[in-house]
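So the structure is just underneath, and the comments pick up after that.
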Amino acid sequence: MIELLFWIALTGSIYSYFVYPFLLRLSPKRLVNQDTAPEFHPNVSLIVTAHNEENRIVKKLENCLAIDYPDLEIIVASDASSDGTDRIVQSYAEQGVILARAEERKGKEYAQLQAIKAAKGEILVFSDVATDIPPEALQKMVAYFRDSMIGAVSSEDRFITRDGNVAGEGAYVKYEMWLRRLESERAGLVGLSGSFFAARKEVCREWDIAAPSDFNTALNCAGQELVAVSAPDVLGYYQDVADSKKEYERKLRTIIRGLTALERHPEVVNPLRYGWFSFQVISHKLMRWAVPWFLLLLFVLSVPMAGRGGLYSIILLAQLVFYSAVLLAYLRPALRNNKYLKIPFFFIQVNLAIAHATIRFLTGTRMTVWTPSKR
């Protein structure tokens, strides 16, 4: 029995990160719709969500006004801002900027819903205040919708350093973007980049204000037999959170909201209804959120199993070396950017956040309202 649990724990620990991508590579790609619209210039509404962003909203509005797209409708979805955000937005009314204010603060998705109701565009683009959009990005993003099977398009994230330069992609970001591309070629993304994505208006009609919009949009696409895809040529630039505590809180919030989404939409893991998309949700989301518990079980069981020698001893030794490296990086922060320690430290940090978020979720924590991280 212990041996069986050991192998279950080992498989569970590596499945989401290694086995799942391998299975995606083996699975057939979805058929690409060849019947695309030759002339496609839909009306587009750009929705920017903001809460008390008086210090950053001018920069964001100037960024939006510089976008190269004809007759672009710009709407600021104010989540009951109590500072000068709304006044600043209204000062741009002559330039066509529309304020859609949520009078009661009920969270990002509720504010977005008010903007969706006001929007006239066939394609709705969603962006956070902290994200800079290149002038040509919308033209590239909208072009994907020429394929009638595509219901939503996600940008790819790029980090900006404090001195304004584009930061080099870390191994984790490269891995995530690669995995997104694999999913895009199959049943579609199971989650979009929440800071910058686009969707057909009909996809946004079922807008769950208690679930993250990036997941809800992907779910709506699957429910309408459409796909959400990643656009490697559409980039969104934003500064990473400088405060490590704030970054940890962001991770907790993201995971808790993801768990909440699955709690509210359990049907998404039913393969009889959602097919291969369900497999991707289970593999990418549920199995990844289970990793910290598999790791814990694996370490506990490795101690008695190591007594059998051979492979079991090697697996225990590998874990001891791995966790020792993480401990060293924790005790000496200067080593956290070391190329040999950076990935192990980040991996454990992420899984600690998953475990912490899961415990908070199971004890009743839900998050629809929060203060955005300052970047």
Sequence order, the stretch 79-85: Karplus ³J(HN,Hα) from phi using 6.51 cos²θ - 1.76 cosθ + 1.60, θ = phi - 60°, Hz rounded, Gly and Pro as x, gives 7, 6, 4, 10, 9, x, 4
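Which value, to two decimals, describes the C-alpha radius of gyration of the stretch 44-240 once divided by 2.2 N^0.38 Å? Could you put the intermediate results ahead of the total?
On the way: Rg = 16.0 Å, N = 197, 2.2 N^0.38 = 16.4 Å.
Compactness ratio reported: 0.97.
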Once normalised by the length of the chain, the mean sequence separation of its alpha carbon contacts under 8 Å that are 6 or more apart gives a contact order in percent of 19 percent
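Once fully extended, how much extra length lies between Ile14 and Arg264, figured as 0.36 nm per residue of separation less the alpha-carbon to alpha-carbon distance? Don't skip to the answer; put the middle values down first.
Numbers: separation 250, 0.36 × 250 = 90.00 nm, distance 2.74 nm.
Here the answer is 87.3 nm.
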Between Leu26 and Ala143, the FRET efficiency computed from the C-beta separation at R0 = 35 Å comes out, to the nearest 0.05, as 0.70
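Based on DSSP, what percent of beta bridges with both residues in the chain are antiparallel, to the nearest 5?
Values: 10 of 36 bridges.
Beta bridges within the chain, antiparallel portion: roughly 30 percent.
Please give the FRET efficiency for Glu104 paired with Leu362, using the beta carbon to beta carbon distance and R0 = 22 Å, rounded to the nearest 0.05. Could the numbers behind the result be given before it?
Working: r = 29 Å, r/R0 = 1.30.
Calculated transfer efficiency: 0.15.
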Taking Cα pairs closer than 8 Å and at least 6 residues apart, the relative contact order of the stretch 171-300 in percent is 26 percent
Cα-Cα pairs in the stretch 2-141 separated by more than 27 Å, as a whole percent of all pairs, come to 43 percent
In whole Hz, the Karplus estimates of ³J(HN,Hα) for the stretch 101-109 (6.51, -1.76, 1.60; θ = phi - 60°; x where Gly or Pro) are 9, 8, 5, 10, 7, 10, x, 4, 5
For Lys339, counting only lysines whose alpha-carbon sits under 22 Å away and dropping same-chain residues fewer than eight positions off, the answer is Lys174
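Roughly speaking, what is the stretch gain from Tyr330 to Glu54, that is 0.36 nm per residue apart minus the C-alpha to C-alpha distance, in nm to one decimal?
On the way: separation 276, 0.36 × 276 = 99.36 nm, distance 3.66 nm.
Extending this stretch completely gives an extra 95.7 nm.
Beyond 18 Å between alpha-carbons counts as too far, so tell me which of Lys106/Lys285; Lys29/Lys140; Lys106/Lys251; Lys120/Lys201; Lys59/Lys201 fall in that bin.
Those over the limit are Lys106/Lys285; Lys29/Lys140; Lys106/Lys251; Lys59/Lys201.
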Residue by residue through the stretch 193-210, the couplings from Karplus 6.51 cos²θ - 1.76 cosθ + 1.60 with θ = phi - 60°, in Hz, x for Gly and Pro, are 6, x, 7, 6, 8, 10, 8, 5, 4, 5, 5, 8, 6, 9, 10, 7, 6, 9
Debye calc, one equal point scatterer per Cα of the chain, no solvent, log10 I(q)/I(0) at q = 0.10, 0.12, 0.14 1/Å comes to -0.69, -0.97, -1.28
Charge dipole of the chain built from unit charges on the beta carbon (Lys, Arg +1; Asp, Glu -1), centred at mean Cα; most positive-end Cα among Gln139, Met177, Val303 is Val303
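Read the figures in this text as sums done on the coordinates, not as results from a lab. Everything quoted here is computed from the prediction, not taken from an experiment. A quick note on method: Cβ atoms are made from the backbone with ideal geometry, for glycine too, and the neighbour counts reach across all protein chains shown.
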